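Worksheet for the structure shown next.
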Amino acid sequence: MSPESDQSAVALERLADEELMVLVDRKDPHAFEVLYDRHGGPAYSLAYRIVGDRVAAEDVTQEAFLSIWRSRARFDRARGSVRSWVLSIVRNRGIDSLRRGGANAPALDLDDETVLESRPSSELTEDEALRRETSEELRGALGQLPEDQSRVIHLAYFGGFSHSEIAEMLNMPLGTVKGRMRLGLEKIRAQIAEGLSPEMVEGWS
Amino acid sequence: MTDQPRSCDERWGEEIAAYSLDALDEAASARVTDHVAGCNACAARLRWLQAAVDLLPASVPQLEAPPALRERLMATVEAEAEARSPSRPAAATSRPSLGERIGARFRGPVLRPALAGLAVALIVAGAVGYELRGDSGTGADGTHTVAATAFKPYSGATGSLVIDGDRGDLHVAGLPALKRGQVYQAWVATGNDIEPSSVFVLAGDGTGEVSIPKGLSGADQVMVTREPEGGSTAPSTGPLIAATVD
């Protein structure tokens, strides 16, 4: 890489996500590369959680990022962070893939070296370490939710099921499903406000 | 949140929670979208809960994305960026006639029902004249413009497709406003094959434009459907508007 390329790469890496998106919108592949390097790991992790298969997760992640590259469906700041926007696209692609494939998600092998939790801290980058710490703390917070609340939230978010489908699956009234969604999300939200460290939340977003 | 009017919270609180998880059906989701647009308290509640939903992906075991995935993705992106370079000449292609392409549509594999329905809708629309080509022409830069035709009940929509070799730009106006979590998506139909292309949203004035990066050489039509945010790999609705490539 030439010195000029090094300089522009460093300059791009200093840009905030919203500024990178302006360049991506102008079809700058270098800006897109930086965007992927920031959000590709969380995107792939979410895709794998939804579809439960590595090859399918790669396809979902690739499709999601290519749609970001090719589209003019630009990021809207009023709707949250760039990461949240990217992950919402990954989620939609993942749910679509799940419905087409019909497969159940197998259990994740935590001895797999690509799982950040299974690697020594000394081997992780700063970003990977923060991701791992945030993930562990959030799972702890979600683990404190009553099982009936976390279950409906997981079925809706990671399974893509509607509230009526969940009501039928769990044989419970529609109002009960929505009530548990509300209570569970409010508890998670309270954890963000009071329990989780602001640095972790900001670092993730 | 405690100062929210009790009646509004009772009526919409649980709906908003389900809405933030994208767990409502289309009709219920549309009602929440409409209500939140006019209720500051509920809009604030939605933003408050959305922060919790946005953190759910962080709770899954974090993996390292495969390096090969990055290589494939960047190879595609860099190739498309290079193809868009104005110094690159448009590729010359030998295309079968329109009749051959339409005939080839029925010699391919059997489509899944949704796709078959989409293809039939296009053929029927062509038979009764909905695919009439309006104004078209060749620009000084060698591009070719064809008019797009809207399908009922979106007959107020208009559009044009500017074709430049294997790629093109689709311009539309008069499509209905999108709801939260929706985008418009372009598709390229060639015979029985319908390939996903770019997604887009409408500008403030109701117009939209989307680039079709590839696939127009030999294609029959470009069409637009409404899809979940991020797009789909197969159309989930019928087309709102379509342009014949010729």
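The values are calculated or read from the model by the stated rules, or taken from the named source; none is laboratory data. Everything numeric in this text was worked out from a predicted model, so none of it was measured. With ideal geometry, Cβ positions are generated from the backbone for all residues, glycine too; neighbour counts draw on all protein chains shown.
Structural remarks
- Residue in region A:105-114 that is of a type in the set (A, V, I, L, M), surrounded by 15 or more Cβ atoms within 10 Å (Cβ to Cβ) and either assigned to a helix (DSSP H, G or I) or at pLDDT 75 or above (or both) present: no
- Candidate set from region B:22-73 (those that are of a type in the set (Val, Ile, Thr) and touching a helix residue (DSSP H, G or I) at 6+ places or on another chain (Cβ under 7 Å)); member that is farthest from B:GLU227 (Cα to Cα): B:VAL60
- Any hit, region B:226-240, residues being of a type in the set (Val, Ile, Thr) and at pLDDT 85 or above: no
- Considering residues of region B:183-202 that are more than 21 Å from A:SER88 (Cα to Cα) and more than 8 Å from the chain's Cα centre (by Cα) only, the residue surrounded by the fewest Cβ atoms within 10 Å (Cβ to Cβ): B:GLU195
- Pairs where the first residue, in region A:41-65, is more than 14 Å from A:SER88 (Cα to Cα) and the second is among the acidic types (Asp, Glu), C-beta under 7 Å, 6+ apart: A:GLY41/B:GLU64
- When A:VAL177 is tested against (1) closer than 26 Å to B:ALA65 by Cα; (2) over 20 Å from the mean Cα position of the chain (by Cα); (3) crowded, with 21+ Cβ neighbours inside 10 Å, exactly one condition is not met: (1).
- One residue stands out in region A:24-71 among those that are at the interface with another protein chain (Cβ under 7 Å from one of its Cβ atoms) and among the basic types (Lys, Arg): the one that is surrounded by the fewest Cβ atoms within 10 Å (Cβ to Cβ), namely A:LYS27.
- Sole residue being within 14 Å of another protein chain (Cβ to nearest Cβ), surrounded by 13 or more Cβ atoms within 10 Å (Cβ to Cβ), in contact with a Pro (Cβ under 7 Å, 6 or more places away or on another chain) and modelled with pLDDT of 90 or more, chosen from B:VAL32, B:VAL36, B:VAL77, B:VAL53: B:VAL77
- So A:THR134, is it touching a helix residue (DSSP H, G or I) at 6+ places or on another chain (Cβ under 9 Å), surrounded by 15 or more Cβ atoms within 10 Å (Cβ to Cβ), at pLDDT below 90 and part of a helix (DSSP H, G or I): yes
- The lone criterion from (1) at pLDDT 85 or above; (2) more than 26 Å from A:HIS154 (Cα to Cα); (3) not charged (D, E, K, R) left unmet by A:ALA64 is number (2).
- Qualifying residues in region B:203-234 (those that are more than 9 Å from every other protein chain (Cβ to nearest Cβ) and polar (S, T, N, Q)) - the one farthest from B:LYS179 (Cα to Cα): B:SER217
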